[in-house]
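See below for the structure under consideration.
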Amino acid sequence: MAAAERERERDKDGRGREREGRVRFRLDQPRAPRRKLLPDYDPEAFGRLSERIARFLGTGRFIVWMTVVIIMWVVWNVSAPAGLRFDQYPFIFLTLMLSLQASYAAPLILLAQNRQDDRDRVTHEQDRKSNERSIADTEYLTREIASLRLGLGEVATRDWIRSELQDLVKELEEQREVFPSESAGSRDAGDR
């Protein structure tokens, strides 16, 4: 009995009243999924179906079939016996069917276009990123080539060494003319 009283005390809110009819939810556990009023469907499957329908509506085959059906409809309702006609001359039912077909075709075509726009947007984004990488790689290679050119500008080439040696040979020849060589015996011993 004491345990029941303690449980009742725990269930009382701050003002001493018992909480009746209130369900306590634990925040550390996920809630059970709610029942949905609408049925679940796969948006990708519906989108693929709408694209197939939109592609068919945009073909010559659809125009030919639609033309054949309309011609058969009109011929039947004009030339058939009166008891077998289902749509009299103003062809109200035919107009209704064509309006119904158009009312479904337009949203399906728009849905297919929206999906195509999404694919184009993703492709455009990937192309833009690829172009950015290509530009960055090109700039890097340009900087590397420029640094190699600067480095090669400081490297002694064969032609430059030849021209320097030729200049030194000319200088030596000029010095021989200015200071002719003395006899070998008169050299100082410290020159060696």
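Below are the figures for this structure:
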| quantity | calculated |
| --- | --- |
| Per residue value of the accessible surface for the range 49-192 (all protein chains in place, 1.4 Å probe), Å² | 88 Å² |
| Efficiency of FRET from Cβ geometry, GLU139 and GLU173, R₀ 45 Å, rounded to 0.05 | 0.30 |
| Inter-site label distance for THR59 and GLU44 at 7 Å from Cα along Cβ, in nm | 2.5 nm |
| Unit Cα scatterers, Debye sum, the range 91-131: log10 I(q)/I(0) for q = 0.23, 0.26, 0.30, 0.35 Å⁻¹ | -0.73, -0.80, -0.88, -0.99 |
| Stretchable slack from GLN29 to ALA102, in nm (0.36 nm times residue separation minus alpha-carbon distance) | 21.3 nm |
| Dipole magnitude (debye, nearest 20) for the range 65-192, charges at Cβ of Lys, Arg, Asp, Glu | 1340 debye |
| Extension gain from ILE161 to ALA82, taking 0.36 nm per residue of separation minus the Cα-Cα distance | 17.2 nm |
| Where N is the number of residues in the range 131-174, Cα Rg divided by 2.2 N^0.38 Å | 2.07 |
| Per-peptide average of other Cβ atoms within 10 Å, ordering 115-124, 48-57 highest first | 48-57, 115-124 |
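The values are calculated or read from the model by the stated rules, or taken from the named source; none is laboratory data. Just so it is clear, the structure is predicted and the values come from calculations on it, not from any experiment. Note that we place each Cβ from the backbone using ideal geometry, even for glycine, and neighbour counts take in every protein chain shown. Please note that ligands, DNA and RNA were not included when accessible areas were found on the heavy atoms of the full protein model with its side chains. Shrake-Rupley method; radii C 1.70, N 1.55, O 1.52, S 1.80 Å.
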